[in-house]
Amino acid sequence: MAERDVRIYEVGPRDGLQNEKAPISTEAKLRFIGLLADAGLREIEATSFVSPQAISQLADADTLMANLERRPGVRYPVLVPNERGLARAEAAGADAVCVFTAASEAFTRANINMTIAESIDAFRPVTDAAHQRGWWSRGYVSTAFGCPYQGEVGEAAVVGVAQQLLELGVDELSIGDTIGVAGPADVRRVVRALLGAGIAPEQLAMHFHDTRGTALANVSTALELGIRCFDASTGGTGGCPYAPGAAGNLASEDLIYLLEREGLSHGVDLDALLVAARDVSESLGRPLATKVGRAGGWRVP
Ligand code: HMG
Ligand code: MG
């Protein structure tokens, strides 16, 4: 992967679409993923190998992965919660997998019907297989800043789950503000606790949902703390059906604009990304509502 100051980890095809009720064709999803790669994104979370009853929108994961045109140098991670998902992902040709749990028991139960401890046990065969096969792997810690069922979540809980995921040998952690409640002070508190526990900034990505408009402020704060990987969704779509009240992810186009003004390289062409953003909004049948999606980049007249 070419040197970039910041890695943008695109979650639009997975997080962005998983909560959409109207069916979106596999063909439309594949076109969207192709446009994201055209724009220069090098990490595109493609889909989830979860129960089709749990997430019906991504029930076409097997077909989608099997028909994905893989661009050289692009990683296409997929979510895998258990051995059943692992078998499906492997058969479909995946080579980058994400396991996902949370810092609160109530959300973990609602989302994957496990305790946090059970989730770590369920992930072990997945991460073991990833190591044996040389796949890249990531572990998500959801509800790191607040839980839709339990409320406030302490940073010690986040650190505890993060360490258990690292013990499984994941390459990276993504720390999730699942329902979009964090502000910069929360980011400082949680990230400092993770760094203080000996976790390196290179092992961390931040995953901000923008429910209350704080995602970009949170990115700025995380940048100051040395974090250099951010999850974002082109078109600003996203949310989890098991996280009531969660709105879209931080929009990739809004993130890119901020990074450009900060003079940080990211490898993505904003105009080309807006083509992808308009494409997904057309597939969803609603106008593109992101700030930069509407305004475009800034061109000096
Ligand atoms: P369960 O019902 O407890 O599990 O679900 P089960 O083992 O009893 O299985 C129930 C049925 O599902 C069985 O089928 C299994 O075969 C099938 P049946 O016998 O009834 O016909 N099944 C599967 N089918 C296909 N693929 C599989 C699979 N596993 C079981 N992998 C389970 C437990 C984990 C499967 C379920 O709760 C699930 O799939 N949950 C996924 C929920 C999800 O995807 N949530 C969104 C992603 S997380 C997120 O968005 C947050 C994130 O963005 C970060 C952030 O924002 O914080 C990552
Ligand atoms: Mg999410």
Q) Residues of the stretch 55-81 being more than 15 Å from the chain's Cα centre (by Cα) and touching a residue at least 60 places away in the same chain (Cβ under 8 Å), which ones? A) Ile55, Gly73
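Matching residues to (1) closer than 24 Å to Arg286 by Cβ; (2) among the hydrophobic types (A, V, I, L, M, F, W, C); (3) in contact (Cβ under 8 Å) with a residue 60 or more places away in the chain:
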residue	(1), (2), (3)
Arg4	no, no, yes
Pro13	yes, no, no
Leu17	yes, yes, yes
Leu36	yes, yes, yes
Q: For the stretch 173-199, enumerate the residues that are more than 16 Å from ligand 2 (Cβ to nearest atom) and more than 14 Å from Ala222 (Cβ to Cβ).
A: Gly196, Ala197, Gly198
(Q) Among the residues that make up the stretch 2-19, is at least one of them open to solvent by 30 Å² or more (accessible area, probe 1.4 Å), outside any helix (DSSP H, G or I) and either over 21 Å from Arg228 (Cα atoms) or within 16 Å of ligand 2 (Cβ to nearest atom) (or both)? (A) yes
Q.
Within the stretch 239-251, does at least one residue satisfy the condition of being away from ligand 1 (no atom under 16 Å from the Cβ), under 22 Å from Leu194 (Cβ atoms) and in a loop (DSSP other than H, G, I, E, B)?
A. no
Q.
Tell me the residue from Asp269, Asp279 that is touching a residue at least 24 places away in the same chain (Cβ under 8 Å), more than 14 Å from ligand 2 (Cβ to nearest atom) and buried (at least 16 other Cβ atoms within 10 Å of the Cβ), please.
A. Asp279
Q | Close pairs (9 angstrom Cβ cut-off, 6 or more residues apart or separate chains): aliphatic (A, V, I, L, M) in the stretch 131-154, within 13 Å of ligand 2 (Cβ to nearest atom) and open to solvent by 20 Å² or more (accessible area, probe 1.4 Å) anywhere | A | Val141/Phe100
Q: Give the residue, chosen from Pro52, Pro13, that is near ligand 1 (Cβ under 10 Å from one of its atoms) and of a type outside the set (Lys, Arg).
A: Pro52
Q. Going through the stretch 274-287 one residue at a time, which ones are within 20 Å of the chain's Cα centre (by Cα) and assigned to a loop (DSSP other than H, G, I, E, B)?
A. none
Q. Can you pull out the residues in the stretch 82-115 that are within 16 Å of ligand 2 (Cβ to nearest atom), more than 16 Å from the chain's Cα centre (by Cα) and of a type outside the set (A, V, I, L, M, F, W, C)?
A. Ser104, Thr108
Q.
Cβ contacts < 9 Å: first residue more than 13 Å from Thr290 (Cα to Cα), restricted to the stretch 203-219; second residue within 14 Å of ligand 1 (Cβ to nearest atom) and basic (Lys, Arg), any location; separation 6+ or different chain. Result?
A. Ala205/Arg138
(Q) Taking the condition of being within 14 Å of ligand 2 (Cβ to nearest atom), open to solvent by 10 Å² or more (accessible area, probe 1.4 Å) and hydrophobic (A, V, I, L, M, F, W, C), how many residues in the stretch 233-266 meet it? (A) 3
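The values are calculated or read from the model by the stated rules, or taken from the named source; none is laboratory data. No experiment lies behind these values; they were computed from the predicted model shown. All Cβ positions, glycine included, derive from the backbone under ideal geometry; neighbour counts span all protein chains shown. For the accessible areas, the whole protein counts, side chains as well, though only heavy atoms, and no ligand, DNA or RNA atoms are used. Shrake-Rupley method; radii C 1.70, N 1.55, O 1.52, S 1.80 Å.
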